[in-house]
Amino acid sequence: MYPRLWKKFTSLARYMKKPLETQEIRKENEVEQPISPNLDNNISMLKDLFQNCSDVVFREFTLGTRKPVRATLVYIDGLCEADKINQHILKSLMLEADLSTGNLSLDKSLIQTVRKRLLTIGDVKTTKMLQKIVTYILSGDPGLFLDGCATALIPNARGWESRGVSEPESETVVRGPRDGFTENLRTNATLLRRRIKTTRLKFEAMEIGLLTKTVVNIAYIQGIANEKVVEEVRNRLQRIDVDSILESGYIEELIEDSPFSIFPQINATERPDRVVSGLLEGQVAILVDNTPFGLLAPVTFPQFLQAAEDYYLRYPLVLFMRLLRFVSLNISLLLPSVYIAVTTYHQEMLPTPLLISIAAAREGVPFPALVEALAMEFTFEILKEAGVRLPRQVGQAVSIVGALVIGDAAVTAGLVSPAMVIVVSLTAISSFTIPNYTGSTTIRLLRFPIMLLAGTLGFYGIMVALMALLIHLCSLRSFGVPYLSPLAPLSLRDLKDTFIRVPWWAMFTRPRLIGTREPARQDYISRPGPGRGKTRTKPTPYSEGGHRNAGPREDFQ
Amino acid sequence: MQGQEKISSSQCLLLFITLVTATAVLFVPAITAQEARQDGWLSALVFSTLFALLVAVICTSLGLRFPGRTVIQYSPEILGRFLGKLAGLGYIFFFIHINSIIVREFGDFLTTVFLPDTPIDIFVATLLLLGASAVRNGLEVIARMNQFVFPLLLFSYMLIIVLVARDMDLHNLLPVLEGGIGPVLKGSFSLSAFRGEVCLILMLLPSLNNSKEATLTTVKAVIWIGILLTVDTVATLAVFGPDITSVQVFPFLNLARYISLGNFVERIESLVILIWVAGVVVKVSLIYYVAALAAAQWFNLREYRPVVLPIGMLIGVLSIIGFSNSRELVEFIAKIWPPYGFSFELILPTVLLLAAMLRKKGGTRDAQKTRPASD
């Protein structure tokens with residue numbers, strides 16, 4: 001039986017690895033057809049392609065030059081700014097053409113003349129390929145065909161309805177900027193550019209997805225980001241061959257290091273300031289069109305415990321908040337399991353009065369602690385999930401059901417002990433202090449296997465689970481950077497931004513493993529205080545022999 | 001196989017400290033006090049340290065003669081094919097066997113003090129599964145894991161020492177050297193064998209990213225271990241006195257049990273055990289890794305990962321059928337373990353080193369000629 005099963009398995013594996021047959025759509029994408037000089041040919045071909053696409057507009061007109069030329073503007077209604085089409089393309093070409101061309105002979109350089117003298121639009125591209133212009137039209141640029149020209153013009157007139165920049169809902173702060181990414185890639189890139197005014201900030205564009213042709217930008221600061229990481233990101237993105245990218249989550253799953261791990265290996269954030277601070281530390285950002293979530297890589301586990309606000313509030317408060325978050329992480333991961341282990345196996349650990357009150361509360365409860373805890377934790381997850389999915393108007397219902405029916409009534413009915421309700425609520429609340437949504441969900445999910453182990457092996461089971469988790473975390477890497485760094489491998493210097501955040505005037509270096517290219521952040525002169533107004537010059541430890549600003553560094557060339 | 005994974009000197013140092021102290025701290029005060037009475041701390045501080053230093057120096061100077069290779073790979077060159085392979089086999093057996101002893105010890109410990117109704121097989125199986133997954137992930141992961149675990153170990157260790165400090169009576173350590181040097185020496189036998197576990201450097205040396213620091217690292221580790229164990233022994237003796245200390249099995253645990261702070265912080269030994277579990281996982285993983293690596297090299301395999309599970313099976317089975325009860329284990333550790341450990345930790349490396357020097361095999365420490373990998 002065993003060999004047969006094995007055979008079946010291997011054949012299945014082989015089947016899964018077999019390349020799929022090339023489909024029609026894929027073939028169609030690979031066609032390269034040049035534009036013909038005959039306008040009618042082009043238009044009829046386009047009309048063929050855009051058959052039954054009622055949103056496509058074919059505007060036929062004649063150039064207002066001395067010698068009239070027939071032309072057609074093809075665009076998708078709603079993806080172009082009507083104002084630009086009317087004022088800067090049609091009006092320029094039809095009414096003002098004669099004024100600016102005058103007596104010029106147009107026969108030879110019609111395209112160049114139209115481009116240079118007529119179209120009053122910032123960005124005008126040209127192409128000779130039909131497939132290419134179709135893609136441009138579908139992306140929102142109008143295509144301009146002129147009779148007698150084998151080249152088409154693509155004036156940029158993109159513009160469509162989109163959500164404005166608003167406060168990010170998944171990562172709120174009390175102090176800090178309130179703008180969040182939107183669904184528009186250009187807006188998002190602008191939000192970054194507005195914060196970093198250097199030519200070193202690069203946005204490399206590429207198109208991913210056979211059908212969606214989603215534009216993806218790799219953003220990084222040249223000279224700070226490690227080129228190897230940038231190259232790796234680029235390669236991994238280029239390797240993607242899927243038909244659609246609808247959200248940055250697709251990209252995240254397609255480029256992470258360990259696809260079977262439960263831990264997020266790329267940070268997704270809605271906050272431009274967070275992305276910018278990541279870029280400045282040497283991370284690489286990936287912006288995806290139609291997604292208000294930018295991706296940051298490489299990422300380490302401690303970064304999931306850092307909120308954007310940590311860098312805006314005063315540093316002593318941040319120490320406290322980080323400590324709080326670290327404790328909450330442990331509570332949300334371990335509290336139910338510890339409760340189970342203590343009440344089931346290690347009663348001796350509790351002081352007697354506490355033990356008595358817990359025992360008294362548990363007296364009427366018909367379930368063992370493990371079942372009680374699992375049921376309650378699961379109930380909470382249901383409530384949470386319902387809270388996310390419910391329409392806003394019925395949201396009230398969830399809180400009433402949650403608080404009254406499941407909390408109060410369950411205790412009164414003697415189904416669960418009050419201590420358990422406290423444990424579950426504390427766990428739930430704690431898990432939401434983790435600033436990263438994916439991170440907090442991961443931790444909440446991990447609770448369940450740990451609870452099972454605690455219910456079977458007590459504290460030893462918890463420890464086994466934690467060690468297994470530790471082994472896994474130690475073996476994870478995000479784009480080559482160990483996931484638990486700077487804790488393991490230990491880097492004392494980088495602990496400055498892990499459990500504590502040192503004041504900004506002491507933030508001398510970037511993280512060692514991420515920002516290797518340019519470790520120095522600032523000079524030693526920023527520390528404030530009376531009488532410290534004058535600039536002291538002191539060599540940084542990272543430039544050998546001389547001041548950092550003395551001249552361009554060799555590796556910047 | 002090796003050469004890809006590198007650990008730093010500091011990682012190696014921490015690994016060695018965890019390797020020895022993870023288990024030794026628990027029972028060292030008792031085994032030294034049995035012979036040396038109130039001078040047990042001298043056994044820990046002086047004699048076992050000297051022995052471990054000897055092991056460290058001999059093993060590293062042997063290893064440094066053959067850069068980039070492990071004892072399994074160079075012993076055939078020193079002793080000839082048959083004897084060399086035999087020595088290699090001996091080491092594989094030694095690593096597997098001491099690991100099974102540690103696993104058994106750990107299991108016995110947990111069934112005794114923690115979960116008395118749980119069969120020992122469960123502990124053995126879970127520990128080895130964790131070990132196997134760590135070993136399959138490689139030495140780097142074990143080293144990183146230890147960097148995370150070690151501060152916890154150190155913290156809990158210091159916490160206990162600090163919290164029992166008010167119960168210490170240093171008069172319990174007097175008189176010094178009551179019975180002369182003999183008992184102190186005897187008391188350090190078993191401990192020396194445990195501390196000789198730093199001989200793992202024979203296998204780990206090629207994995208150090210700076211092998212020149214190997215001797216220094218190992219010596220540093222030995223000294224740190226000596227300090228930790230001495231403080232441990234002093235604290236235990238000072239609290240319990242030599243009589244009570246020598247009859248206990250895990251005196252350090254009882255020390256933790258002794259702590260009572262404001263009638264609320266009580267019985268924190270469970271937490272101590274938990275943190276010690278983490279240390280034991282690291283220890284077992286490290287020896288397990290070394291055993292798997294040794295076996296793979298002995299068979300000239302390209303990869304050690306295929307032998308991980310078979311080795312784990314051997315360790316598990318050996319730990320369960322090796323001793324019929326925990327008393328037998330205690331006897332073994334007291335009587336057989338010292339000469340057994342000495343022979344692999346000190347005698348065999350010394351023989352190898354002498355043979356290598358006489359037969360002029362391997363480069364000197366200064367020259368470090370890199371020899372072709374195949375022989």
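Bear in mind these aren't lab numbers, they're just calculated from the coordinates by the rules spelled out. Treat the numbers as computed from the prediction; the structure is a model and nothing was measured. Methodologically, a virtual Cβ is constructed for each residue, glycine included, from the backbone with ideal geometry; neighbour enumeration extends over all protein chains shown.
Values as computed for the structure displayed
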quantity: Qualifying GluC sites (Glu not before Pro) for region B:237-346 [loop in DSSP, other Cβ within 10 Å: at most 16]; calculated: B:E303
quantity: Degrees between helix A:315-344 axis and first principal axis of chain A (Cα, 0 to 90, nearest 10); calculated: 60
quantity: Dipole axis of region A:24-155 (+1 Lys, Arg; -1 Asp, Glu on Cβ), positive-most option in A:L79, A:L63, A:S36; calculated: A:L63
quantity: Highest average packing first - A:35-47, A:276-288, Cβ atoms within 10 Å; calculated: A:276-288, A:35-47
quantity: Hydrodynamic radius by Kirkwood, which averages 1/r over all alpha carbon pairs of the protein assembly as shown, in angstrom; calculated: 33.1
quantity: Kirkwood Rh and Cα Rg combined as Rg over Rh, evaluated for region A:72-182; calculated: 1.17
quantity: Semi-axes of the equivalent ellipsoid for chain B, Cα gyration tensor, largest first, Å; calculated: 35, 23, 19
quantity: Hz values of 3J(HN,Hα) by residue in region A:72-86 - Karplus curve (6.51, -1.76, 1.60), Gly and Pro given as x; calculated: 9, 10, 10, 7, 9, 5, x, 8, 10, 6, 4, 4, 5, 4, 6
quantity: Environment charge of B:I315, counting only residues whose C-beta is closer than 14 Å and scoring Lys/Arg +1, Asp/Glu -1; calculated: 0
quantity: Inter-site label distance for B:V176 and A:K47 at 7 Å from Cα along Cβ, in nm; calculated: 10.9
quantity: Calculated on alpha-carbon atoms, Rg and Dmax of chain A in Å; calculated: 30.7, 104
quantity: Extent along principal axes [Cα atoms of region A:264-305; Å; largest to smallest]; calculated: 28, 21, 15
quantity: Rg/Rh for region A:315-449, where both radii come from Cα atoms and Rh is the Kirkwood radius; calculated: 1.00
quantity: Within chain B, longest stretch free of exposed trypsin sites (Lys or Arg not before Pro) [DSSP loop, at most 11 other beta carbons within 10 Å]; calculated: B:1-301
quantity: P(r) weight above 22 Å for region A:240-385, C-alpha pairs, percent; calculated: 61
quantity: Summed side-chain charge close to A:P264 - residues other than A:P264 whose Cβ falls under 9 Å, Lys, Arg +1, Asp, Glu -1; calculated: -2
quantity: Cβ-based charge dipole, chain A, positive-most Cα from A:N217, A:T199, A:L333; calculated: A:T199
quantity: nm² value of the averaged projected area, convex hull over the Cα atoms of region A:411-513; calculated: 9.3
quantity: Simple spin-label estimate for A:E24 and B:S10 in nanometres, 7 Å along Cα-Cβ; calculated: 6.4
quantity: Debye equation applied to the C-alpha atoms of region A:185-299, log10 I(q)/I(0) at 0.14, 0.16, 0.21 Å⁻¹; calculated: -0.50, -0.67, -1.18
quantity: Charged-residue dipole, Cβ positions (Lys, Arg, Asp, Glu), the protein assembly as shown about Cα centre, Debye nearest 20; calculated: 2780
quantity: Dipole moment magnitude, nearest 20 debye, region A:315-449 about Cα centre, only Lys, Arg, Asp, Glu C-beta charged; calculated: 500
quantity: Reduced Cα scattering model of region A:122-238, Debye log10 I(q)/I(0), q = 0.10, 0.15, 0.19, 0.23 Å⁻¹; calculated: -0.45, -0.93, -1.21, -1.31
quantity: Cα lying deepest toward the dipole's positive end in region B:9-358, options B:P339, B:Y258, B:P306, charges on Cβ; calculated: B:P306
